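See below for the structure under consideration.
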Amino acid sequence: MKKTIITLIVIVLIATLPVLRLESIQDKYLPATETTNFEIRGDAVSIFAKGLSYKTISQVPLMIDSAAFEGLFDHLKSSFPLVFSKLSIDTISTHTLWMKLEGSSTKADNMLFISHLDVVPVDPKTIKDWEADPFTGEVVDNFIYGRGALDDKASAFGILEALESMLASGWRPTHNYYFCFGQDEEIGGTHGAGIAAERCREQKLSFRTIFDEAGTISIGSVPGLEHTPIALIGIAEKGYISVEVNFEQAGGHSSMPEKENAILSASAFISSLNDNPIFSPEFTAPLQGFMDHLAPEMSFGLKWAFGMRPLTNSLILRSYQNSSTGRALTTNTAVATMVGAGIKDNVVPSSSRVVCNTRILPSYSIDDIVHAYSKRATKFGGTVQWYNDYGSGPTGSSSYDSEDFITLGQSIKSIFPNTLISPYLTLGGTDSKNFDGLSEQIFRFLPIPLTKEDLPRIHGINERIHVDAYNDLCRFYIDLFQRIE
Ligand SMILES: [Zn+2]
């Protein structure tokens, strides 16, 4: 009997040990000090709402709407007079704003805050589904509607609003604060932030930390923590590459078709991307940080699964494959985005073409991806080449143990007290990728709480932000600007 009890205790201990090993690390983000609560101006919301009325839409660089940008710049100048008189301000490229606020310390470090003033277009077919016009800056039921309300005029205006109210009280940072407001982030950023970064390289100007947009305060999107707001801070950004796969095979008359042809080869190749993915799922540094930060906050069962790693690695990776976000976090995605073949309805074509897009995980190169595609395409008789000659490798991963990551976490907790902090992998592209290598670290975070239902509003229908959320966003920058030491 005694033996059985002892065996039972041992089993229970072994079973719970992995769970006990996972201790919460959220306390280090509790703000140790209070910051000054600079008052936000009464017309902050109307200034921001008006900013959404300028159609600073990014389509292709040659189609930039100069009048819209000039109009927005005039609005900024008249709305933020202290910012425009006390900071040194430059226009880079055609419509990218570059600003500097000199720090008070003789040993000042350089900090850079990035956001962008361009927005994606609104599909005319969807305008009827908007609850307010996307380009008038309407406020309905305390929600500010418009393209850019979330991505990313909110952060540009929030930063400027914070600065304006702080400058009014005579505040000055210890460090040199630089600001870059890009003009073409939505189409790669090469003509705005890209040129700004190039100029930094020429002038040997580098930064201690860069803060850009991207991860939000996610509510309901992290499995196992559906009811907790989680600040997802991008510490690395996936790369981007598209390849073109060409298939050449004898065509002929459609009245006597062969069993094989270029369309069938292309189709078999495309299906194989789903049925037998080219790239296997794996853990990356941002995902490791994500698990370290969030697993201790989960239920006993999930804690146990994470605590039993590496034994449970394959189980965890498999569970990530059940959602598009999970797959994007753990793999080099591979998806066909364009297909083409045929010139006439009664001719079996002798060639076909498939364009595939991949978002590249940290630690892979563009060459690795092209090579992997070539290997797969060869099996189906295809050949691979770069599409459009455009591609960008993944960025490096920034440390989430660094002082500025902790400071950022403290500012988040100070304004959004019940929020958990976590590193994350940015799946899309931001302007900060242009500055890769110019900063010790880059953190991508947009201080706006968004539910699962809110996410499609970004680049979608009824993009909007609540008046209170916009005020919190301004307060967040006021807190962060003071907390950086
Ligand atoms: Zn954006």
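The values are calculated or read from the model by the stated rules, or taken from the named source; none is laboratory data. Since the model is a prediction, treat every value here as computed from it, not as a measurement. Methodologically, a virtual Cβ is constructed for each residue, glycine included, from the backbone with ideal geometry; neighbour enumeration extends over all protein chains shown. Heavy atoms of the whole protein, side chains included, go into the accessibility calculation; ligands, DNA and RNA do not. Shrake-Rupley method; radii C 1.70, N 1.55, O 1.52, S 1.80 Å.
Here is a yes/no grid of residues against (1) in contact (Cβ under 8 Å) with a residue 12 or more places away in the chain; (2) in contact with an Asp or Glu (Cβ under 8 Å, 6 or more places away or on another chain); (3) surrounded by fewer than 18 Cβ atoms within 10 Å (Cβ to Cβ):
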| position | (1), (2), (3) |
| --- | --- |
| 99 | yes, yes, no |
| 106 | no, no, yes |
| 114 | yes, yes, no |
| 131 | yes, no, yes |
| 134 | yes, yes, no |
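Condition first: open to solvent by 10 Å² or more (accessible area, probe 1.4 Å) and touching a residue at least 60 places away in the same chain (Cβ under 8 Å). Can you find one or more residues in region 148-157 that meet it? Yes, region 148-157 contains at least one residue that is open to solvent by 10 Å² or more (accessible area, probe 1.4 Å) and touching a residue at least 60 places away in the same chain (Cβ under 8 Å).
Quick check on residue 217: is it more than 29 Å from residue 445 (Cβ to Cβ) and either hydrophobic (A, V, I, L, M, F, W, C) or at pLDDT 95 or above (or both)? The answer is no for residue 217.
Could you go through region 187-199 and let me know if any residue there is under 21 Å from residue 400 (Cβ atoms), part of a loop (DSSP other than H, G, I, E, B) and open to solvent by 30 Å² or more (accessible area, probe 1.4 Å). No. Would region 170-179 turn up any residue that is away from the ligand (no atom under 16 Å from the Cβ), in a strand (DSSP E or B), in the same structural domain as residue 77 (by TED's automatic domain parsing) and under 21 Å from the mean Cα position of the chain (by Cα)? Scanning region 170-179, I find at least one residue that is away from the ligand (no atom under 16 Å from the Cβ), in a strand (DSSP E or B), in the same structural domain as residue 77 (by TED's automatic domain parsing) and under 21 Å from the mean Cα position of the chain (by Cα), so the answer is yes.
Given the criteria open to solvent by less than 50 Å² (accessible area, probe 1.4 Å) and within 16 Å of the ligand (Cβ to nearest atom), does residue 484 qualify? Answer is no for this residue.
Residues that are in contact with a Ser or Thr (Cβ under 6 Å, 6 or more places away or on another chain) and part of a helix (DSSP H, G or I) within region 419-449 comprise just one, 433. The number of residues in region 135-169 that are closer than 16 Å to residue 44 by Cα and either outside the structural domain of residue 466 (by TED's automatic domain parsing) or of a type in the set (Phe, Trp, Tyr) (or both) comes to 3.
Filter region 244-260 down to the residues that are open to solvent by 20 Å² or more (accessible area, probe 1.4 Å) and modelled with pLDDT of 95 or more, then identify the one that is nearest to residue 426 (Cα to Cα). First the steps, then the outcome.
So in region 244-260, the residues open to solvent by 20 Å² or more (accessible area, probe 1.4 Å) come out as 244, 246, 248-260.
Going one step further and asking which of them are modelled with pLDDT of 95 or more, we end up with 244, 246, 248.
Values: 244: 25, 246: 31, 248: 37 Å.
Going through the qualifying residues, I end up with 244.
Of the residues that make up region 367-386, is at least one in a loop (DSSP other than H, G, I, E, B) and more than 24 Å from residue 26 (Cα to Cα)? Looking through region 367-386, at least one residue is in a loop (DSSP other than H, G, I, E, B) and more than 24 Å from residue 26 (Cα to Cα).
Would you pick out the residues in region 333-361 that are without any contact (Cβ under 8 Å) to a residue 24 or more places away in the chain and open to solvent by 60 Å² or more (accessible area, probe 1.4 Å)? It would help to see each step written out before you state the result.
Just the residues of region 333-361 that are without any contact (Cβ under 8 Å) to a residue 24 or more places away in the chain, to begin with: 338, 340, 343-344.
Matches in region 333-361: 338, 343, 344.
I'd like to check something: does region 450-458 contain any residue that is buried (at least 20 other Cβ atoms within 10 Å of the Cβ), in a helix (DSSP H, G or I) and outside the structural domain of residue 268 (by TED's automatic domain parsing)? The answer is no, given that none of the residues of region 450-458 is buried (at least 20 other Cβ atoms within 10 Å of the Cβ), in a helix (DSSP H, G or I) and outside the structural domain of residue 268 (by TED's automatic domain parsing). Limited to region 324-339, what total is found for residues that are small (Gly, Ala, Ser) and in contact with a helix residue (DSSP H, G or I) (Cβ under 9 Å, 6 or more places away or on another chain)? Counting residues in region 324-339 that are small (Gly, Ala, Ser) and in contact with a helix residue (DSSP H, G or I) (Cβ under 9 Å, 6 or more places away or on another chain) gives 3.
Out of all the residues in region 362-384, which are β-branched (Val, Ile, Thr), open to solvent by 20 Å² or more (accessible area, probe 1.4 Å) and closer than 22 Å to residue 396 by Cβ? Those that are β-branched (Val, Ile, Thr), open to solvent by 20 Å² or more (accessible area, probe 1.4 Å) and closer than 22 Å to residue 396 by Cβ: 366, 370.
Residues that are open to solvent by 70 Å² or more (accessible area, probe 1.4 Å), farther than 16 Å from residue 282 by Cβ and not in a helix (DSSP H, G or I) within region 304-332 comprise 311, 322, listed in sequence order. Of all residues in region 96-126, those that are within 16 Å of the ligand (Cβ to nearest atom) and closer than 20 Å to residue 64 by Cβ total 11. When region 421-448 is filtered for residues that are within 15 Å of the ligand (Cβ to nearest atom), more than 26 Å from residue 25 (Cα to Cα) and surrounded by fewer than 24 Cβ atoms within 10 Å (Cβ to Cβ), the ones remaining, listed by number, are 428, 429. Can you name the number of the only condition in (1) open to solvent by 30 Å² or more (accessible area, probe 1.4 Å); (2) modelled with pLDDT of 95 or more; (3) within 16 Å of the ligand (Cβ to nearest atom); (4) polar (S, T, N, Q) that residue 206 fails? Of (1) open to solvent by 30 Å² or more (accessible area, probe 1.4 Å); (2) modelled with pLDDT of 95 or more; (3) within 16 Å of the ligand (Cβ to nearest atom); (4) polar (S, T, N, Q), only one is false for residue 206: (3).
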